[in-house]
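Structure first, then comments.
Please treat every number below as a calculation from the coordinates, not as lab data. Since the model is a prediction, treat every value here as computed from it, not as a measurement. Here Cβ is always computed from backbone atoms with ideal geometry, including for glycine, and neighbour counts include all displayed protein chains.
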Amino acid sequence: MKTRLGCLSNKSDSCSDFSEFFPRGPERSTRYLKLSTDEVSRWADSFDILLSNKCGLAAFRAFLKTEFSEENLEFWLACEDYKKIKSPAKLVSKANKIYKEFIDVQAPREVNIDFRTKEETRQKLLEPTSSSLNEIQTKVYSLMEKDSYPRLLINSHDTELDISTLLGHTMCKGLTALRGNCLERAKSLKARMNSFLQMQDWKLLCYAYKLRKPRLTLEECLTWKESFENLISSKHGLYAFRAFLVSEFSEENIAFYLACKDYKNTKSEAKLRVKAQRIYNEFIGSKAPREVNIDHETRDITQANVKLPTVTCFNQAQYRIYILMEKDCYPRFLRSATYHDLLSQLTKKNAKVATKKA
């Protein structure tokens with residue numbers, strides 16, 4: 001069995017050549033050709049091991065590129081380089097460059113970090129030290145470790161691109177050391193949405209949910225591109241987006257957002273307490289089975305709020321997850337082959353109707 005690290009297989013928006021991520025010259029012809037099966041298997045032991053391995057780092061970078069989120073890794077690497085600078089003058093220059101490229105409000109490669117951390121980082125960089133970016137770097141590391149890294153491991157078993165294609169060297173054997181919890185989660189989610197994963201006809205996907213009427217139109221489908229709010233306020237759009245998140249193993253985000261929305265409509269104080277505790281245990285607690293990725297401060301605030309619950313106690317956490325989906329998952333949904341297939345099918349249907357009328 002071939003080792004699989006499926007970053008790009010069968011994706012129209014993927015690139016299949018990873019050679020640009022590897023060193024040129026003698027190092028490429030010796031170090032990378034000697035990559036062993038055991039070395040590849042160790043990437044699954046921890047996120048740190050993956051990043052500390054040159055081939056692992058290159059593979060992860062290529063994977064993030066297919067997910068349109070490579071700015072996270074680029075920022076983390078820029079911070080690693082920043083900490084090695086000795087010259088005060090170069091430190092100021094480098095700090096300013098990193099801030100403008102990754103942190104500023106209109107940064108071309110803005111990373112997804114909460115406002116408080118961004119503001120504190122901006123203040124620190126007025127008089128930069130080698131540790132000025134530590135907090136924000138840690139948060140981006142945590143985001144990759146909890147979100148992108150598990151998807152990389154899961155995709156390695158779910159797709160067909162073998163590691164030799166990815167790294168450009170002789171064939172390796174199976175990647176057998178993937179963590180049990182990742183594999184179990186993958187199997188569970190795959191079973192729950194098996195019909196979605198194999199479904200080519202998105203008309204059936206969108207109509208299947210309680211046979212919704214009125215049926216989805218091309219005009220409605222096109223409005224999903226205008227804003228994230230348009231997408232999730234549409235019944236068809238919400239169902240399609242939720243199915244897409246299941247395929248990406250990150251459906252807990254929309255599930256949490258919807259749970260919070262439902263929670264706000266609760267009138268009974270007794271039910272409010274029960275629901276608040278249930279949402280916290282399922283999505284926010286340290287051992288939550290569907291833990292969402294929020295910063296430590298928001299988690300602490302929410303934990304305190306749940307002790308004396310009100311209809312607004314999840315507002316901050318819900319907002320953080322909304323922004324995460326809007327900036328990360330929503331763009332991938334719009335670029336996905338499945339969404340474009342749906343548009344194509346609805347366009348053809350409209351054309352047929354117009355032809356019959358003519």
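Each part reduced to its alpha carbon centroid, segment 82-106 and segment 216-246 end up 39 Å apart. Neighbour counting of Cβ atoms within 10 Å sorts the residues His340, His296, fewest neighbours leading, into His296, His340. Backbone phi angles across segment 249-261, fed through the Karplus curve with coefficients 6.51, -1.76 and 1.60 (θ = phi - 60°), yield HN-Hα couplings of 6, 9, 5, 5, 5, 6, 5, 5, 4, 6, 4, 5, 5 Hz in residue order; Gly and Pro are listed as x. Evaluated at 10 °C with a viscosity of 1.306 mPa s, what Stokes-Einstein diffusion coefficient in µm²/s does segment 74-152 have when Rh comes from the Kirkwood expression over alpha-carbon pairs? In µm²/s, the coefficient is 124.
Counting every Cα pair in segment 194-344, what percent are over 26 Å apart? Above the 26 Å cut-off, segment 194-344 has 33 percent of its Cα pairs.
Using the Cα coordinates of segment 263-335, the gyration tensor eigenvalues translate into equivalent-ellipsoid semi-axes of 24, 14, 11 Å, sorted from longest to shortest. 3J(HN,Hα) along segment 331-344, derived from phi through the Karplus expression 6.51 cos²θ - 1.76 cosθ + 1.60 where θ = phi - 60°, amounts to x, 5, 4, 5, 7, 5, 5, 5, 5, 5, 5, 4, 4, 5 Hz, with x in place of Gly and Pro. 3J(HN,Hα) couplings calculated from phi for segment 224-232 with the Karplus curve 6.51 cos²θ - 1.76 cosθ + 1.60 (θ = phi - 60°) are, in sequence order, 4, 6, 6, 6, 5, 4, 4, 5, 7 Hz; Gly and Pro show x. Going from the residue with the fewest nearby Cβ atoms within 10 Å to the one with the most, Arg299, Arg116, Arg273 rank Arg116, Arg273, Arg299.
Remark: Trp224, Trp76 ranked as Trp76, Trp224, counting other beta-carbon atoms within 10 Å and listing the fewest first.
Of Lys65/Lys146; Lys94/Lys124; Lys118/Lys139; Lys139/Lys225, which sit over 19 Å apart, Cα to Cα? Going by Cα-Cα distance, Lys139/Lys225 fall outside the 19 Å limit.
Assigning unit charges at the beta carbon (Lys, Arg +1; Asp, Glu -1) and nothing else, what dipole magnitude in debye, to the nearest 20, does segment 194-344 show about its Cα centre? Dipole magnitude for segment 194-344 comes out near 620 debye.
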